[in-house]
1. Test Lys65 against the stated conditions and say whether it is in a helix (DSSP H, G or I), in contact with a Phe, Trp or Tyr (Cβ under 8 Å, 6 or more places away or on another chain), among the basic types (Lys, Arg) and touching a residue at least 24 places away in the same chain (Cβ under 8 Å).
2. Sort out which residues of region 53-62 are under 19 Å from the mean Cα position of the chain (by Cα) and either within 23 Å of Leu173 (Cα to Cα) or in a helix (DSSP H, G or I) (or both), and write them in order of number.
3. Give me the strands (runs of 3 or more DSSP E) completely within region 215-316, filtered to those with at least 2 residues that are crowded, with 23+ Cβ neighbours inside 10 Å and in contact with an Asp or Glu (Cβ under 7 Å, 6 or more places away or on another chain), ordered by residue number.
4. Checking Asn268 against (1) in contact with a Pro (Cβ under 6 Å, 6 or more places away or on another chain); (2) more than 23 Å from Leu402 (Cα to Cα), which test does it fail?
5. List the residue pairs whose Cβ atoms are under 6 Å apart, where the first residue sits in region 301-315 and is farther than 23 Å from Ala414 by Cβ, the second is among the basic types (Lys, Arg) and modelled with pLDDT of 95 or more, and the two are 6 or more positions apart or on different chains.
6. Aromatic (Phe, Trp, Tyr), under 18 Å from Leu226 (Cβ atoms) and modelled with pLDDT of 95 or more - does that describe any residue in region 175-195?
7. Which of the residues that make up region 123-175 are touching a Leu at 6+ places or on another chain (Cβ under 6 Å) and β-branched (Val, Ile, Thr)?
8. Taking the residues in region 330-357 that are among the hydrophobic types (A, V, I, L, M, F, W, C) and surrounded by 14 or more Cβ atoms within 10 Å (Cβ to Cβ) as candidates, determine which candidate is farthest from Ser267 (Cα to Cα).
Amino acid sequence: MKRFLYILFFLTSQLSLWAAKPIKIAVISDVHYLSSQLAGKGAALEKYETATGRNTEDLHAVLDKVVTDLRDESPDILLIPGDITKDGEKQSHLDFKEKLLPLTKNGTQIFVVPGNHDINVPTAKKYTGDKTEPAENVTAEEFAQIYADFGYGKALKRDTASLSYLAFINDSLWLLCFDTNRYNEYRTSTLSSGRILPQTLQWALEIFSQAKEKNINIIGMMHHGLVEHMPYQSTFFPEYLVDDRKKNAEILADSGLKIVFTGHFHSNDITSYTSTAGNTITDVETGSLAQYPFPYRLILLENDTLKINTHVVNSIPPKPQLAEEYKEKLSQQTEALASSKINSLNIPLPKEIRQALAHVIVQMNLLHVCGDEQLTEEMAHAIKNFSKIMGQENFDSSTFQLDYPPADNKVELAL
């Protein structure tokens, strides 16, 4: 009898230790990978790279460095919340998967969800010399087949209305992956906006109910943002948030979801939302590996606490000044886009006001993509200059809110 009790005690203690074992989580997002087989050198590719500011070889080197870093870190799981490829090219999906296979051989489980650039994209292209040719894209079914080893093949449950699925992490943790895209509506181009289908939400609520009965925690992942990450994002950039964001955030928070990993907006930002009932959900958005500052996250889940750390790629072998170069590219692109939007408002503003407003937007974006926005001297000067032009001589720029809590790059969150 004593021997039996000893064995029982030993097994129980070992199970407790196993259950308490920390989980290492990595997150990369919005890689926008373009296969080398589709990127033939020539005028066509140069035109694309100039327009987007994305040099294909640079981005491949960035991804290679991150994969190498992750091999050294050996995370238990890697989350990828969408926009895996440039425009849904089948060859890009296949090559991207091949790039990540060394991680699986190292013991890392990989989980993906599609982004708006991954499925049924009608503008998928191949670049050859001075020409572009249509490239084969993928259907939703083909996406799930390609990534059978990255979540879909071993899912505990699959949603019948979308590519959403539930994955098993361990006996006390599940991963709920939402497909928030509108690829079934694509005709001549992609749609940036996203939504959670009513059928999918009902499917998810049943899972939350089951998890509550079994005392299981759930973390979520989706491409589109669930929570507003910057002032007026829902006004100026609604397509980067799911439709009915507040309603969905209320429902998911009250159902027990505390953490959701997102991408899409190409910014490294974390923002929390508290429901009317007092339940908090935190949207952990990870920036793009196709854009400055090339961030990825390493997270330790220990004792129901997520300890989040952000890493960035500042250089690659051919380009020691990678960060500086791509920061300038982003600055130029943002200024061009901001000027275009301001002009499209058809408001008779003097040229100096248009330029000052565009400069403010550029500085805000450069801060926002990095996260933990602090009012720099240059930003304060831009705001002060714009306020002066607008007749607000005594505007206090220090009161201007740039970032929502909590911290964005290094923070601990309760699960």
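The values are calculated or read from the model by the stated rules, or taken from the named source; none is laboratory data. Computed from a predicted model, the values in this text were never measured in an experiment. Ideal geometry is used to build each Cβ from the backbone, glycine not excepted, and the neighbour counts take in all protein chains shown.
1. Working: in a helix (DSSP H, G or I): yes; in contact with a Phe, Trp or Tyr (Cβ under 8 Å, 6 or more places away or on another chain): no; among the basic types (Lys, Arg): yes; touching a residue at least 24 places away in the same chain (Cβ under 8 Å): yes.
No.
2. Within region 53-62, the subset under 19 Å from the mean Cα position of the chain (by Cα) is 54, 59-60, 62.
Listed by number, the residues that qualify are Leu59, His60, Val62.
3. Values: elements: 217-221, 259-262, 269-274, 280-285, 295-302, 305-312.
In region 215-316, the matching strands (runs of 3 or more DSSP E) lie at 259-262, 269-274.
4. So Asn268 meets the others, but not (2).
5. Within 6 Å, the pairs are Val313/Lys65.
6. Of all residues in region 175-195, those aromatic (Phe, Trp, Tyr) come to 178, 183, 186.
Then drop every residue that is not under 18 Å from Leu226 (Cβ atoms), which leaves 178.
Remaining after also requiring modelled with pLDDT of 95 or more: 178.
Checked region 175-195: at least one residue is aromatic (Phe, Trp, Tyr), under 18 Å from Leu226 (Cβ atoms) and modelled with pLDDT of 95 or more.
7. Ile169
8. Filtering region 330-357 down to residues among the hydrophobic types (A, V, I, L, M, F, W, C) leaves 330, 336-338, 342, 345, 347, 349, 353, 356-357.
Then keep just the ones that are surrounded by 14 or more Cβ atoms within 10 Å (Cβ to Cβ); that gives 330, 337-338, 342, 349, 353, 356-357.
Values: Leu330: 12, Leu337: 17, Ala338: 17, Ile342: 22, Leu349: 30, Ile353: 27, Ala356: 23, Leu357: 21 Å.
The extreme case among them is Leu349.
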